[in-house]
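The values are calculated or read from the model by the stated rules, or taken from the named source; none is laboratory data. As the structure is a prediction and not an experimental result, all values here were calculated from the model. Please note: Cβ atoms are built from the backbone with ideal geometry, for glycine as well, and neighbour counts cover all protein chains shown. Heavy atoms of the whole protein, side chains included, go into the accessibility calculation; ligands, DNA and RNA do not. Shrake-Rupley method; radii C 1.70, N 1.55, O 1.52, S 1.80 Å.
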Amino acid sequence: MAIETVADIIRTHAVERPDAIAVEVGDQVATFGDLDRRSSQLAHALAAAGVGPGDRVASIDKNSMEFFEITFALAKIGAVHVAVNWRLAPVEMQQIIDDAKAPVLLVAPDFYAHVEKIEGDLATVRTIVALGDHARWATYDAFLSGQPDTDPGHRAAGEDVA
């Protein structure tokens, strides 16, 4: 299988070597098969939340397993990953998220306070997903729950944004 897009990276390796380690983050390990299935579940969850080709989805996180799942999930539906610099002040984060017109924001626990300060001012964010536990926001695992782990099948073309 030829690798022509970011989505093809995980698609190809999941078929050719599903049990090989793809990513290690701290004590977490994911095989190519694991990463393919989880990114497909997230792709379906994002599509159900209204994200489509060319849309931007923002995340605020340091290095994590979810970063890779988010990146591949978005590639599988033709959307763009806006990884917001976690070193910024909340108002700077808001400006980037608003400029991207992101309908979904995924945020790690270290940055809940940042997002809580700006969440009422975020112009386009309809869904905030917590990469941990949060009293009001859907957790990442709950967001993925019940979604199929099959590839949504979007094929990017050369003129696509992502």
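A few notes on this one:
- Selection from Gly153, Leu74, Val104, by position along the positive dipole direction of the chain (Cβ): Val104
- DSSP finds beta bridges in the range 1-102, and of those with both partners inside it, around 45 percent are antiparallel.
- In a simple Cβ point-charge model (Lys, Arg +1; Asp, Glu -1; nothing else charged), the range 3-162 has a dipole of about 260 debye relative to its Cα centre.
- Ratio of the Cα radius of gyration of the range 28-122 to 2.2 N^0.38 Å, where N counts its residues: 1.07
- Within the assembled protein chains, the solvent-accessible surface assigned to Glu16 is about 110 Å², based on a 1.4 Å probe.
- Top of Leu105, Leu74, Leu88 by mean-square fluctuation, Gaussian network on the chain, Cα under 10 Å: Leu88
- Per-residue HN-Hα couplings for the range 82-95 [Karplus 6.51, -1.76, 1.60; θ = phi - 60°; Hz; x = Gly/Pro]: 9, 7, 6, 4, 6, 7, 6, 6, x, 5, 5, 4, 4, 4
- Sparse packing (at most 14 other Cβ atoms within 10 Å of the Cβ) combined with a DSSP loop state is found for the following trypsin sites (Lys or Arg not before Pro) in the range 1-63: Lys62.
- Gaussian network model of the chain, springs between alpha carbon atoms under 10 Å - residue of Ala20, Ala83, Ala58 with greatest fluctuation: Ala20
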